[in-house]
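Undergrad: The structure is given below, and queries will be raised subsequently.
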């Protein structure tokens, strides 16, 4: 069974992770293990490569806006939201991007199902939805047959910044925190079940690893 390294990076600045994942991808070989990086970001808006600023509707209250090389439009990241950077080699995984995105959706849906929450997808707007609100956002870039970026889902984050934008370019989009439906849920509880389902669906053996040394700096925590 193929292995994947899982790292919990706790809270990080988006810039640090952006550069770290590109460095990881640019230097990986066919023998490099795939990795999952779990983190929370300090407040930031990121704009995908199809965003033309048409989805910023209010003053962004001194929250930085960063251009990003993933697909999609603008979104918000902040504490209480889980980012999952999914860094896999499609040659080793043996699937194409379409199947990959489908399986990522299934991991999230199956994890929600475990907690008796019925999520669903909307073909026009990738991600996972609950009760007509968006729970999980998805955005990737493929470089040299390898994926960068990943998904984010809201556990207990401040949803106010979403009012300053049209999230993912959808003017009617509303966001949801899982804690509003499951008062006892925590990021750790959901993450553990997510990892289990990711392992089963993608047929990985999970290997837990410590964060890279570069993350233990004053610029990150």
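The values are calculated or read from the model by the stated rules, or taken from the named source; none is laboratory data. Bear in mind that the values here come from a model prediction, so they are computed numbers and not experimental data. We place every Cβ from the backbone using ideal geometry, glycine too, and count neighbours over all the protein chains shown.
Undergrad: Would you check if residue 145 is surrounded by fewer than 18 Cβ atoms within 10 Å (Cβ to Cβ) and in contact (Cβ under 8 Å) with a residue 40 or more places away in the chain? Outline the logic, then answer.
TA: Details: surrounded by fewer than 18 Cβ atoms within 10 Å (Cβ to Cβ): yes; in contact (Cβ under 8 Å) with a residue 40 or more places away in the chain: yes.
Criteria met by residue 145.
Undergrad: Could you tell me which residue of the range 27-41 is surrounded by the fewest Cβ atoms within 10 Å (Cβ to Cβ), considering only residues that are more than 22 Å from residue 194 (Cα to Cα) and touching a strand residue (DSSP E or B) at 6+ places or on another chain (Cβ under 8 Å)?
TA: 30
Undergrad: Going residue by residue through the range 25-37, is there one that turns out to be closer than 21 Å to residue 171 by Cα, touching a helix residue (DSSP H, G or I) at 6+ places or on another chain (Cβ under 8 Å) and part of a strand (DSSP E or B)?
TA: no
Undergrad: As an exercise: evaluate residue 57 against (1) touching a helix residue (DSSP H, G or I) at 6+ places or on another chain (Cβ under 9 Å); (2) loosely packed, with under 15 Cβ neighbours inside 10 Å; (3) at pLDDT 95 or above and give the number of the one condition it does not meet.
TA: The one condition residue 57 does not meet is (3).
Undergrad: Let me ask something else. Only one of (1) out of contact with any helix residue (DSSP H, G or I) (no Cβ under 7 Å at 6 or more places or on another chain); (2) part of a strand (DSSP E or B); (3) closer than 18 Å to residue 147 by Cβ is not met by residue 85, so which one is it?
TA: For residue 85, the exception is condition (1).
Undergrad: Condition first: touching a helix residue (DSSP H, G or I) at 6+ places or on another chain (Cβ under 9 Å) and either more than 19 Å from residue 33 (Cβ to Cβ) or part of a strand (DSSP E or B) (or both). Now tell me which residues in the range 142-156 satisfy that.
TA: Hits for the range 142-156 are 142, 143, 146, 147, 148, 149, 150, 151, 153, 154, 155, 156.
Undergrad: Mind telling me which of the residues 135, 115, 125 ends up being more than 21 Å from residue 2 (Cα to Cα), surrounded by 19 or more Cβ atoms within 10 Å (Cβ to Cβ) and in contact (Cβ under 8 Å) with a residue 40 or more places away in the chain?
TA: Details: 115 fails: surrounded by 19 or more Cβ atoms within 10 Å (Cβ to Cβ); 125 fails: surrounded by 19 or more Cβ atoms within 10 Å (Cβ to Cβ).
After applying the criteria, what remains is 135.
Undergrad: With respect to the numbered conditions (1) at pLDDT below 95; (2) over 14 Å from the mean Cα position of the chain (by Cα), which one is the sole condition not fulfilled by residue 114?
TA: Answer for residue 114: the failing condition is (1).
Undergrad: Report yes if residue 206 is part of a helix (DSSP H, G or I) and surrounded by fewer than 21 Cβ atoms within 10 Å (Cβ to Cβ), otherwise no.
TA: Answer is no for this residue.
Undergrad: Considering only the range 98-131, how many residues are closer than 19 Å to residue 168 by Cβ and assigned to a loop (DSSP other than H, G, I, E, B)?
TA: Number of matching residues: 4.
Undergrad: Hey, among 197, 188, which residue is modelled with pLDDT of 95 or more, within 17 Å of the chain's Cα centre (by Cα), over 16 Å from residue 107 (Cβ atoms) and not in a strand (DSSP E or B)?
TA: Within the list 197, 188, the selection yields 188.
Undergrad: Something else: Among the candidates 203, 209, which residue alone is modelled with pLDDT of 95 or more and over 14 Å from residue 80 (Cα atoms)?
TA: The unique qualifying residue is 203.
Undergrad: Looking only at the range 44-80, filter to residues that are in contact (Cβ under 8 Å) with a residue 60 or more places away in the chain and not in a loop (DSSP other than H, G, I, E, B); which one of those is farthest from residue 143 (Cα to Cα)?
TA: The extreme case among them is 56.
Undergrad: Can you tell me how many residues in the range 71-97 are closer than 23 Å to residue 201 by Cβ, surrounded by fewer than 20 Cβ atoms within 10 Å (Cβ to Cβ) and under 13 Å from the mean Cα position of the chain (by Cα)?
TA: 1
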